[in-house]
Each structure stands twice: as structure tokens, then as C-alpha cells.
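Note sheet for the following structure.
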């Protein structure tokens, strides 16, 4: 059984960065810029993995009161990811990529080592 206060794992961190990049691409392809996604922005910029992570961090803060995603436990990270994905899909009507699994990341890393 997983420890309830275990910090997010390296795999979760790597998966998060991959996911944020993929979400930014989906939002941009669907025509949503940061002004449309983040109401605090008054100029139009394409989404990036950094802007998507900022949105994810805001969700984590609202749900758990953390200032940094490094403060999330593995269970909290999963809860935020599910809520974040559900909210974007419902509000914007886009289909986001599946969150990367540890297996898919491991396979990709093995492929990088062969290059």
C-alpha cells in the first residue's frame, strides 16, 4: 500500500512535463490561446508546456493549498491531474491525450538510450 504522504515520484514529474506539452499542442490546435484559457491574460499567446503547468499548479493550489507541485503527494498529483483534465475537456470541448504511463515513459527512455 502506498504511503499517504509520499512525495510525487520522478515518473509522475516526467509524465507531467510530457502531458503539459501535449495538452498545449491540443489547445493550440483547437484554436484556444492563453487569453481564452486563462482569464488573467490580456494578450494572445500560444499555449506552452509552461503555461499549461501554471494552470495545473493553480488547480493544485485550489484543491490542496500548495504553492508548488513539488508539495503534492503521489495521490494528490493523481487527483489534480484527473480534475484538471476533466475540467479542460468539459469547459473547452477538447479531447486531451491520455496521461503518460510509467511504462510508456520507460519505453521512450529506452529508445533514447539506443540513439
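Only the coordinates and a few stated rules stand behind these numbers; no lab work does. Just so it is clear, the model here is predicted, and its values are computed rather than measured. We place every Cβ from the backbone using ideal geometry, glycine too, and count neighbours over all the protein chains shown.
Orientation-averaged projection of the stretch 10-95 equals 5.3 nm² [convex hull of Cα atoms, one quarter of hull surface area]. The simple Förster model, with R0 at 41 Å and r as the Cβ-Cβ distance, assigns residue 75 and residue 107 a FRET efficiency of 0.95.
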